[in-house]
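*Asks:* What follows is a single structure, and I will ask about it in a moment.
The values are calculated or read from the model by the stated rules, or taken from the named source; none is laboratory data. Note that this is a predicted model, so its numbers are computed, not measured. With ideal geometry, Cβ positions are generated from the backbone for all residues, glycine too; neighbour counts draw on all protein chains shown. These area figures cover heavy atoms from the full protein model, side chains too; ligands, DNA and RNA do not enter into them. Shrake-Rupley method; radii C 1.70, N 1.55, O 1.52, S 1.80 Å.
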Amino acid sequence: MIVIDGPASLSGEITVQGAKNSTLPLLAAAVLCRGENIFHNCPHLSDVDTALGILTHLGCCCSQKDGDLVIRSDPTQSEIPPQLMHGMRSSIVFLGAVLARMGEAKICFPGGCELGPRPIDLHLSALEKLGAVVQESRGCLTVQAPHGLSGAYIALSFPSVGATENIMLAACTAQGTTVISNAAREPEIADLAAYLNRCGGRIYGAGEGCIIIDGVEKLTGSEHRIMPDRIAAVTYMAAAAVTGSSLTLLDVDNGHMMPMLAPFEESGCMVRPHGHSLNIMAPPHLRAVKHIRTMPYPGFPTDAQPVIMSMAAVGEGTSIFVENIFENRYSHAEELCRMGARIKLEGKVAVVEGVPALQGAPVQARDLRCGAALVVAGLCAQGRTQITGTRHIRRGYEHLVQTLADLGARIQEVSR
Ligand code: EPZ
């Protein structure tokens, strides 16, 4: 349980962690790239530990040395056991890499998680276009490529991040050329492509809507510095915003932050990107954010929606949110209302009427970014907030409690 005594005033600087959503596909890429794969700036997260468990199970040898990860890729196994798959939904991204390297893969449907059902239809139909044969029984999938994988033209009906990554990983060593149209454009896609190309891949257009992959014979491991985590960065910005603080974030990629800056400026914060750092100065009282509609990159990212709602909860005026990516990504709203927030939900829409102050209360983190939103709210609430479900937070934030305590927050993690 995380206990926060608010309101807090923060000051100082933070070095932003490596991106969780880049690390996970890169670890899948290590299955494909023979020999040694070295990743720098790897965040210490439970999701990364889960992914390393999968790699170890597959026969790869993983070792960690202060932020550096070395993976000797020599997989001998193509089945990922249910207990490892259910640990993390995004382990589906191993499917394409294992299939390409081993010629087959056996996995269980990843647990539908708190964000609503998590279908993988786009992943599977794309792999079938590359020549895979998919069989399903009792929630487990056996995917085989009896004649190897061949390049294909794949048009995604939705620019799915995970499906785009799975196709890239499967197509890298396929026979011939693959074109992905309506590909996801998130920065993590370009980070993955940069690594695969360094390993001998031939991927063009990552970050754009159309990606072309020329299949090569094999990939050889290399090294890579994982890009900064833009969602961790926006979480710390929201913490500064709700506490009227001034913080400096180090090691951010300001290009990735652009789609998320508008609500901070609308609410009265001063944001100054500068090189690889970003400074945010918040006013004593926030105004409402105008209109947040989540969209695929370069639109406003769904992962930032919960922490911005915590800001809106104490912003003067009414804020409107439209969540277009996930069916059920308002679990934080119910918990924020327990702290005195005034939020009305209507399907994809949330209407937030700002209140002068939130009150500390016992609340529960239902998913990773819900937990982050509750921590942000607890920092500005009057009195004590107790957050359970902190295992969700540890999936995606490295040392969140310690980092905030170092900035001046009265926050600690206690066993219940
Ligand atoms: C990635 O999830 C991220 N996870 C998510 O971050 C992020 O919210 C999401 O992209 C959107 O940006 C990782 O990178 C590990 P999608 P992913 O496939 O790949 C539907 C976090 O908090 N869909 O782009 O699962 C799906 O149901 C996590 O760090 C299908 O219908 O996202 C959803 O509504 C949460 N069929 C939408 O597309 C499919 O086959 C977006 O999903 C695949 C997806």
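*Asks:* With every protein chain left in place and a probe of 1.4 Å, what is the accessible surface of CYS380, to the nearest 10 Å²?
*Replies:* The accessible area of CYS380 comes to roughly 20 Å².
*Asks:* Work out how far the C-alpha atoms of the chain reach from end to end along every principal axis, then list the three figures in whole Å, largest first.
*Replies:* 64, 43, 42
*Asks:* Against the empirical 2.2 N^0.38 Å scaling, what ratio does the C-alpha Rg of region 201-254 come to?
*Replies:* Region 201-254 yields a ratio of 1.80.
*Asks:* Once every Cα of region 1-85 carries one equal point scatterer and solvent is ignored, give the base-10 log of I(q)/I(0) from the Debye formula at q = 0.11, 0.13 Å⁻¹, two decimals.
*Replies:* -0.39, -0.50
*Asks:* Quick one: which of LYS290/LYS348; LYS65/LYS106; LYS20/LYS65 span more than 20 angstrom between C-alpha atoms?
*Replies:* Pairs exceeding the cut-off: LYS65/LYS106.
*Asks:* Continuing with the same structure: Using 5 Å bins from zero, what percent of all Cα-Cα pairs in region 295-378 falls into each bin?
*Replies:* So the P(r) values, bin by bin, are 3, 16, 30, 27, 16, 6, 1, 0.
*Asks:* Taking the full set of protein chains and a 1.4 angstrom probe, give the accessible area of THR76 in square angstrom, rounded to the nearest 10.
*Replies:* 110 Å²
*Asks:* Whole-Hz Karplus ³J(HN,Hα) for region 247-262, in order, using 6.51 cos²θ - 1.76 cosθ + 1.60 and θ = phi - 60°, x for Gly and Pro?
*Replies:* Each residue's phi maps through the Karplus curve to give 10, 10, 9, 9, 6, 10, 9, 5, x, 6, 7, 3, x, 10, 7, 3 Hz.
*Asks:* Right, here's the next one. Within the chain, what's the longest stretch lacking GluC sites (Glu not before Pro) that sit in DSSP loops with no more than 12 other Cβ atoms inside 10 Å?
*Replies:* Here the longest run is 1-216.
*Asks:* Could I ask something else about it? Could you give the semi-axes, largest first, of the ellipsoid that matches region 232-301, computed as the square roots of 5 times the alpha carbon gyration tensor eigenvalues and rounded to whole Å?
*Replies:* So the equivalent ellipsoid measures 18, 17, 9 Å along its semi-axes.
*Asks:* If you take the Cα atoms of region 20-216, find Rg, then find the Kirkwood Rh from the mean of 1/r over all pairs, what is Rg/Rh?
*Replies:* Using only Cα positions, Rg/Rh for region 20-216 is 0.93.
*Asks:* In whole Å, what are the extents of region 274-416 along the principal axes defined by its C-alpha atoms, from largest to smallest?
*Replies:* 40, 36, 31
*Asks:* So if I place +1 on the C-beta of Lys and Arg and -1 on the C-beta of Asp and Glu, and nothing else carries charge, what would the dipole magnitude of the chain be about its Cα centre? I want it in debye, nearest 20.
*Replies:* It comes to approximately 440 debye.
*Asks:* Based on Cα coordinates alone, diagonalise the gyration tensor for region 123-277, multiply each eigenvalue by 5, take square roots, and list the semi-axes in whole Å, largest first.
*Replies:* 37, 18, 13
*Asks:* Tell me the Rg and the Dmax, in Å, that the Cα atoms of region 186-314 produce.
*Replies:* Reported Rg and Dmax, both Å: 17.5, 59.
*Asks:* Kindly provide the pair-distance distribution of region 143-205 built from C-alpha pairs, with 5 Å bins from 0 and whole-percent values in order of increasing distance.
*Replies:* Each 5 Å bin holds this share of Cα pairs: 4, 18, 29, 27, 16, 6, 1.
*Asks:* Okay, next question. Quick check: at a probe of 1.4 Å, how many percent of the accessible area of the chain sits on carbon and sulfur atoms?
*Replies:* The C+S portion of the solvent-accessible surface of the chain is 50 percent.
*Asks:* Over the chain, average the accessible area per residue using a 1.4 Å probe and give it in Å², no decimals.
*Replies:* I get 38 Å² per residue for this part.
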